[in-house]
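Data first, discussion second: the structure below is written as structure tokens.
The values are calculated or read from the model by the stated rules, or taken from the named source; none is laboratory data. No experiment lies behind these values; they were computed from the predicted model shown. Quick reminder, even Gly has a Cβ in these numbers, built from the backbone with ideal geometry, and neighbours come from all protein chains shown.
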Amino acid sequence: MATKPDPAAEAKSVKQEGPANGEWSEEQLEEGLKQLKLLHIKCRELRTSLPRMLEPISTHNANTSRELTDFRKLYQSNESKEVLEHANKSRAADPKNIKPWRPKDHPDWLELEQ
């Protein structure tokens, strides 16, 4: 398995340069979606972490600890907070017609763009 890059290096800054009404430009929205995708992928990777944590002490535990740390850093990053805050404001302003996201509609969702 290839080593995974540092989430801080992967995350790009989402700048708050939109108009006073809080709308984001298309570029800002795309960067926000990339941030959410990375956060989702890291969250999915944690599904295998707990079973590995229960295994006897080995190198797996070191990898699991790193994965948990990577996810925590990514989730607590300013970029993730800005994107999630913007999503909450957008949902509060227009709660109707929000289409649920389904992985089956996006078969390549787990692939990070390089």
(message) Please determine whether any residue of the range 86-96 is modelled with pLDDT under 85 and under 18 Å from the mean Cα position of the chain (by Cα).
(response) no
(message) Being under 17 Å from CYS43 (Cβ atoms), of a type in the set (D, E, K, R) and assigned to a helix (DSSP H, G or I) is the filter here; which residues of the range 66-102 pass it?
(response) ARG66, GLU67, ASP70, ARG72, LYS73, GLU79, LYS81
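Of all residues in the range 29-65, how many are among the aliphatic types (A, V, I, L, M), at pLDDT below 75 and either part of a helix (DSSP H, G or I) or in contact with a Leu (Cβ under 7 Å, 6 or more places away or on another chain) (or both)?
So the answer is 3.
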(request) Give me the pairs, please: first residue somewhere in the range 62-75 and under 18 Å from LEU39 (Cβ atoms) and surrounded by fewer than 16 Cβ atoms within 10 Å (Cβ to Cβ), second residue anywhere and of a type in the set (D, E, K, R) and at pLDDT 75 or above, beta-carbon distance under 9 Å, and either six or more positions apart or on two chains. (result) TYR75/LYS42; TYR75/LYS81
